[in-house]
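Here is the structure we will look at, set down as structure tokens.
The values are calculated or read from the model by the stated rules, or taken from the named source; none is laboratory data. It should be emphasised that the depicted structure is a prediction, and the values quoted were computed from it without experimental measurement. Glycine gets a Cβ as well: all are built from the backbone with ideal geometry, and neighbour counts include every protein chain shown. Quick note on the areas: whole protein, heavy atoms, side chains included, nothing else; ligands and nucleic acids left out. Shrake-Rupley method; radii C 1.70, N 1.55, O 1.52, S 1.80 Å.
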Amino acid sequence: MSVQADILAEIKAYETIIIHRHQRPDPDAIGSQVGLAELLRASFPEKKVYQVGGPAEGLDYLAQMQEIPDSTYQGALVIVTDTANAPRISDDRFHLGDKLIKIDHHPNEEPYGDFMWVQDQASSCSEIIADFWQLFPEELHMTKNAARLLYAGIVGDTGRFLYPSSSSHTLRMAADLIDFEFDYSGLNRQIEQISSNVARLSGYVYQNLEMDESGAARVTFSTEMLKEFGVSDAQTSGVVPLPGAIEGVLAWAIFVQQPEGYYRVRMRSKGPAINEIAKRYHGGGHALASGANASDLAEAQKLYEELQKVCSDFTA
Ligand code: AMP
């Protein structure tokens with residue numbers, strides 16, 4: 001039996017299914033998690049299906065999370081979407097269930113769970129959940145809301161089909177989802193929408209981005225600066241793609257100081273793989289989109305020098 005058939009068999013066998021995703025969720029985390037929850041609710045109305053992990057700042061337009069007591073985990077099946085490693089799972093009660101399934105599209109560096117469906121070539125975890133539906137069309141019923149959520153996840157993780165992870169299969173899947181007639185244009189706009197404070201921070205990024213001849217670029221936000229701009233850590237996601245539009249920029253890092261003093265590093269690339277650097281700085285991720293942490297400005301400098309090196313060595 002394929003792992004997909006195993007997963008479907010497990011879903012059928014359990015009365016209670018609890019779905020988790022990663023901390024600091026993005027549209028793909030919520031889209032894959034709640035998209036799967038909605039798919040299962042429509043397909044198995046007799047089952048109890050929960051989506052948990054605490055509120056998702058700025059993503060309320062996609063879905064709301066549920067609160068459940070520890071006792072709900074007794075004898076339950078737990079599925080985690082879009083989360084490479086167990087410490088990043090939002091709500092660490094994921095291990096209280098009877099069985100654990102991982103469904104993800106990040107490199108499988110830290111396997112966990114009784115069953116794993118990991119496809120790191122997929123554009124997004126939402127695309128994998130949509131594949132699940134298309135593999136078992138007789139048993140899994142897509143709904144308008146599930147389609148909306150999965151589409152949002154695909155759009156979020158592909159930068160609206162900009163990144164090379166968008167395959168012809170991704171585009172066909174997006175088309176199949178759009179057939180469910182949700183307002184995809186309005187949804188695209190909601191995903192792209194930024195507050196006026198983030199718009200001002202965008203100006204700061206364009207004006208203060210440090211670029212060099214290797215194609216590396218960086219900008220740093222201190223906690224005081226973010227306070228002045230009125231932008232939260234989560235809202236910085238709105239400015240992360242911006243340097244990619246600039247001619248000559250190959251890979252970039254945005255250093256976001258945290259209240260504890262260390263820097264969360266949001267790294268992106270248009271060519272050179274950056275996830276090996278991220279791994280060396282307490283992080284990880286995809287070849288072209290990774291996250292890391294630097295304890296202070298000196299460590300941030302070291303990370304940036306490694307970024308410059310991969311850019312200099314890169315030949316398209
Ligand atoms: P972000 O810049 O936070 O949007 O992160 C981009 C990608 O990097 C995410 O999709 C994750 O795959 C990965 N990532 C971010 N932070 C970490 C971390 N601390 N550990 C492992 N992977 C991370």
Item to complete: Kindly provide the trypsin sites (Lys or Arg not before Pro) of the stretch 218-316 that DSSP labels as loop, not H, G, I, E or B, and whose Cβ sees at most 11 other Cβ atoms within 10 Å.
Response: none
Worksheet item: Ranked from the most accessible area to the least, with a 1.4 Å probe and all protein chains present, what is the order of Met267, Met65?
Response: Met65, Met267
Worksheet, complete the sentence: With a ≥ b ≥ c from the Cα gyration tensor eigenvalues, square-rooted, and the rule rounded for a/c under 1.5, otherwise prolate when a/b > b/c and oblate otherwise, the stretch 100-176 is oblate
Discussion item. What whole-number distance in Å separates the alpha-carbon centres of the stretch 205-272 and the stretch 170-184?
Written reply: 32 Å
Item to complete: Among Val249, Met65, Leu39, flag the residue with its Cα farthest along the positive direction of the charge dipole of the chain, charges on Cβ as +1 for Lys/Arg and -1 for Asp/Glu.
Response: Val249
Worksheet item: Taking all protein chains as present, what is the carbon and sulfur share of the accessible area of the chain, in % to the nearest whole number, probe 1.4 Å?
Response: 49 percent
Discussion item. If DNA, RNA and ligands are ignored and the probe is 1.4 Å, what is the ranking of Phe161, Phe44 by accessible area, most exposed first?
Written reply: Phe161, Phe44
Discussion item. Below 8 Å between Cα atoms, with a sequence gap of 6+, how large is the relative contact order for the stretch 180-303 in percent?
Written reply: 18 percent
Response to the item:
Judged on accessible area alone, 1.4 Å probe, highest first, Tyr14, Tyr206 line up as Tyr206, Tyr14
Practice prompt. Grab the beta carbon distance between Asp131 and Asn85, set R0 = 25 Å, and tell me the FRET efficiency rounded to 0.05.
Written response: 0.65
Fill in: Per residue solvent-accessible surface (Å²) - the chain, probe of 1.4 Å
45 Å²
